[in-house]
1. Using the reciprocal of the averaged 1/r over all distinct C-alpha pairs, how large is the Kirkwood radius of segment B:112-229 in Å?
2. B:His88's amide H: which non-local residues (gap 5+, or another chain) put their own amide H closer than 5 Å, with H modeled 1.01 Å from N in plane and none for Pro or chain starts?
3. I need the phi-derived Karplus couplings for segment A:82-91: 6.51 cos²θ - 1.76 cosθ + 1.60, θ = phi - 60°, integer Hz, Gly and Pro marked x.
4. Taking the alpha-carbon set of segment A:37-141, what are its Rg and Dmax in Å?
5. Between copies, how far does the label point of B:Asn56 sit from its twins, in nm, shortest first, when each point is 7 Å from Cα along Cα→Cβ?
6. Provide the packing ranking of A:206-215, B:279-288, i.e. peptides ordered by the mean count of other C-beta atoms within 10 Å per residue, highest first.
7. Roughly how large, in nm² to one decimal, is the mean projection of the convex hull of the alpha-carbon atoms in segment B:1-96?
8. Would you mind counting up the charge near A:Gly181? Only other residues with Cβ under 12 Å from its Cβ, with Lys and Arg at +1 and Asp and Glu at -1.
2 protein chains.
Amino acid sequence: MSFEITILGSSSATPIYQRHPTAQVINIHERFFLMDCGEGTLIQLNRYRIKFHRINHIFISHLHGDHYLGLLGLISTMHLQGRTTELHIYSAPELREIVEIQLKYSETNLRYPINWHFTDPKRPGTVYEDDLLVVECFPLNHRIPCTGFLFREKQRPRKLIRERLAEYQVPVSAYPILKAGQDFVTETGSIIPNRELTLDPQRARSYAFCSDTIYDPRLTDTVRGVDLLYHEATFLSDLEDRARETFHSTAGQAAAIARDAQVKRLIIGHFSARYKNLYPLLEEAKAVYASTTLAMEGDRFSIE
Amino acid sequence: MSFEITILGSSSATPIYQRHPTAQVINIHERFFLMDCGEGTLIQLNRYRIKFHRINHIFISHLHGDHYLGLLGLISTMHLQGRTTELHIYSAPELREIVEIQLKYSETNLRYPINWHFTDPKRPGTVYEDDLLVVECFPLNHRIPCTGFLFREKQRPRKLIRERLAEYQVPVSAYPILKAGQDFVTETGSIIPNRELTLDPQRARSYAFCSDTIYDPRLTDTVRGVDLLYHEATFLSDLEDRARETFHSTAGQAAAIARDAQVKRLIIGHFSARYKNLYPLLEEAKAVYASTTLAMEGDRFSIE
């Protein structure tokens with residue numbers, strides 16, 4: 001079952017060296033979620049051969065242009081290509097106004113509905129849930145209201161061992177309690193331990209996305225123990241003052257969050273245009289937290 | 001003295017095959033004008049090594065996204081890169097609302113002023129003039145209000161032939177009338193023909209831009225005799241009905257305008273995403289008007 005993040009862009013506000021602004025596609029069990037949508041996202045989706053019509057949910061962290069300016073082009077192209085399926089957008093409420101004014105002046109009547117889900121940048125909450133997955137939002141500490149997102153698989157039930165069930169003559173009616181982890185009590189009152197009858201399910205996986213934020217240790221609790229953490233790393237630590245002034249983080253600070261939250265793996269991105277060579281950012285982060293990777297366009301990160 | 005158009009994008013609404021939507025840079029005597037600004041224009045400017053800070057005038061033909069969605073990213077990046085020089089934008093008035101709402105929600109106070117010049121989509125007019133150049137706008141016939149632009153060098157004065165002036169003892173006070181093309185009358189009343197004393201000036205060059213329009217023979221008079229005409233050619237003629245329904249033109253129709261207006265050269269663009277191979281569009285146009293070229297990204301068209 002796939003749980004894979006594809007990086008479409010990881011530049012900060014100024015796109016240079018052919019680096020595009022923030023956008024990622026998250027594929028969980030062949031359900032496709034778009035995380036931020038910087039200018040050029042549609043071209044990047046084409047480049048990496050991701051079918052944009054499969055995207056039904058778009059999450060926008062905040063209203064700085066490098067995180068949403070590709071949205072109108074994507075919405076319009078979905079319309080021109082005949083989409084009729086509802087599109088869900090999770091964002092600050094002001095984005096709806098920005099989108100609707102542009103649809104109005106271009107005299108575009110979308111062939112499909114947009115279902116808006118507004119995030120509250122001040123408090124965490126659940127923004128999406130299906131049978132396999134929950135997406136939570138949480139506040140980030142940036143210059144304007146900004147929201148992070150946490151994708152968590154739901155814990156799957158324990159796996160029944162069919163041969164053992166037959167052996168112990170377990171009735172079908174008892175299956176749900178076994179899947180839930182309880183022991184089985186026979187008609188004669190003897191106890192068969194759950195671990196005799198079931199196997200551990202596949203582990204529930206998780207991905208946290210922290211787009212733009214000042215170094216904020218409170219994030220540690222929010223993203224504790226996730227399999228994969230994306231955290232912005234706009235600057236090297238010699239520009240820590242500049243990072244603080246602009247409500248951004250250094251590579252070392254991103255790694256400190258990853259280390260303190262004991263995440264399994266960190267990817268850093270949102271690189272300032274001043275860095276043509278990104279290797280020093282990687283080195284700085286790895287010195288703090290070894291399991292760090294650069295978010296490069298076209299990279300795919302699978303959680304097994 | 002340069003008069004050169006660089007194509008940054010010539011795709012219609014859906015960008016595919018790495019083709020970008022409409023944007024062009026017009027360099028006239030090292031003054032840089034941006035014509036339309038589809039999504040990705042900033043990246044394209046970088047790719048073709050055109051310094052965006054040299055652009056002081058931006059013309060937007062209409063408010064379909066493929067003609068302006070790159071504007072916010074460009075405006076923001078100019079701001080982040082420290083621009084203080086005034087920026088002039090020529091467009092429908094509604095674009096100002098679209099830009100300002102996005103600056104408001106991103107809490108961006110631009111370090112430079114934007115000077116808005118609103119075009120009237122219903123009637124022609126002069127929108128820009130300097131010592132060398134006039135830019136006129138004119139109505140195009142599209143689904144929403146749409147404006148074409150015509151760049152004309154001013155006619156330069158006739159060039160004085162210094163040796164002849166000395167020979168005929170022409171006083172300096174007579175130079176202006178000679179430059180204007182009049183004959184010189186000596187003190188004794190004899191007439192020295194102007195052509196004895198002056199040479200033809202460099203020819204005034206012209207470029208007309210017709211972004212999105214249904215086939216409209218009235219355009220012929222507007223663009224008559226220009227050196228270079230860009231005319232959209234969204235479809236092949238087997239889709240002439242579709243072109244009419246969507247207020248676009250076929251390649252053959254674009255060429256008919258060029259032929260009837262006796263322009264020197266035609267470039268066609270705004271190709272539908274359905275055409276991976278653009279050669280048939282070129283062939284169709286050339287059958288009507290031989291001096292036709294495809295507008296391909298990175299192409300530069302110089303008028304000598």
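What follows is calculated from the coordinates using simple rules that are stated; it is not laboratory data. What you see is a predicted model, and the numbers here were worked out from it, not measured in a lab. All Cβ positions, glycine included, derive from the backbone under ideal geometry; neighbour counts span all protein chains shown.
1. Details: mean 1/r = 0.0573 Å⁻¹.
Radius from the Kirkwood sum: 17.4 Å.
2. B:His57, B:Ile58, B:Asn115
3. Once rounded to whole Hz, the list reads x, 4, 10, 6, 4, 10, 9, 10, 10, 6.
4. 14.0, 40
5. The answer, with the shortest distance listed first, is 5.3 nm.
6. Details: A:206-215: 25.1, B:279-288: 17.8.
Most protected by this proxy first, the peptides run A:206-215, B:279-288.
7. Working: hull surface 24.2 nm².
If you wrap the Cα atoms of segment B:1-96 in a convex hull and average its projections, you get 6.1 nm².
8. Values: positive: A:Arg156, A:Arg158, A:Lys159, A:Lys179, A:Arg195; negative: A:Asp183, A:Asp200.
Spelling it out: positives minus negatives among the neighbours equals +3.
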